[in-house]
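Everything on this sheet refers to the single structure shown next.
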Amino acid sequence: MAGTRAAIRYAKAVLSLATEQNVADAVNNDMKLITSAISENEDLGQVLKSSVIKSEIKTNILTQIFPNINGVSSSLFEVLVSNKRINILEDVAAKYTVLFDAQIGKEHATVTTAVPMTDDLEVKILSKIKMLTNKAVELNNIVDESILGGFILRVGDKQYNASIADKLNKLRREFTLN
């Protein structure tokens, strides 16, 4: 919990600095790259969390892995290392992306379907969501065969369940009550 609060504070500070220097979008791309690199490479995560490996070595590893990142992003490495918080780098990067999306008014939506969505269906869903939220939306599709058909749409903290499984459960409850 304390690590999460610290990650949010660092992410807010980096976003503020990046916005001030008009490089928030470039830093966001760096943060996405950092998040995916650490989550996909278990060894890198272990190195960053290790208390045995010296801070200078961690900094060198990060600068070699990410040689072309923005100066604001690379200064984050130095700040986290000097404060002995480099182990929360992945969390800071992920929080930055969330804060950046909120700042530019971008919403994340998740659609769960029984089969993968077609491009036509994705375009229709995106246009419908845009009408409802008046924000730019990034759509993520999750395939879950247990919903049998239909879809479950989640935008922010709202959820619309139009799945066959949900309708069958409602019918079952209705019959058991009567």
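The values are calculated or read from the model by the stated rules, or taken from the named source; none is laboratory data. Small disclaimer: the values here were computed from a predicted structure and weren't measured. For neighbour counting, all protein chains shown are included, and Cβ atoms are generated from backbone atoms with ideal geometry for every residue, glycine included.
For region 123-160, the tally of residues that are closer than 27 Å to VAL98 by Cβ and touching a Leu at 6+ places or on another chain (Cβ under 8 Å) stands at 8. Residue pairs whose Cβ atoms lie under 9 Å apart, sitting 6 or more positions apart in sequence or on different chains, and linking a residue in region 108-136 that is not assigned by TED's automatic domain parsing to the domain that holds THR97 and of a type in the set (Lys, Arg) to a partner that is surrounded by 15 or more Cβ atoms within 10 Å (Cβ to Cβ) and in a helix (DSSP H, G or I), are LYS135/ILE129. Suppose we keep only residues that are at pLDDT 80 or above and of a type in the set (D, E, K, R) within region 125-145. Which one would you say is nearest to ASP30 (Cα to Cα)? Among those residues, the one meeting the criterion is GLU138.
Exactly one condition in (1) at pLDDT below 85; (2) among the acidic types (Asp, Glu); (3) in the same structural domain as GLU20 (by TED's automatic domain parsing) is not met by ASP157; state its number. The single condition ASP157 does not satisfy is (3).
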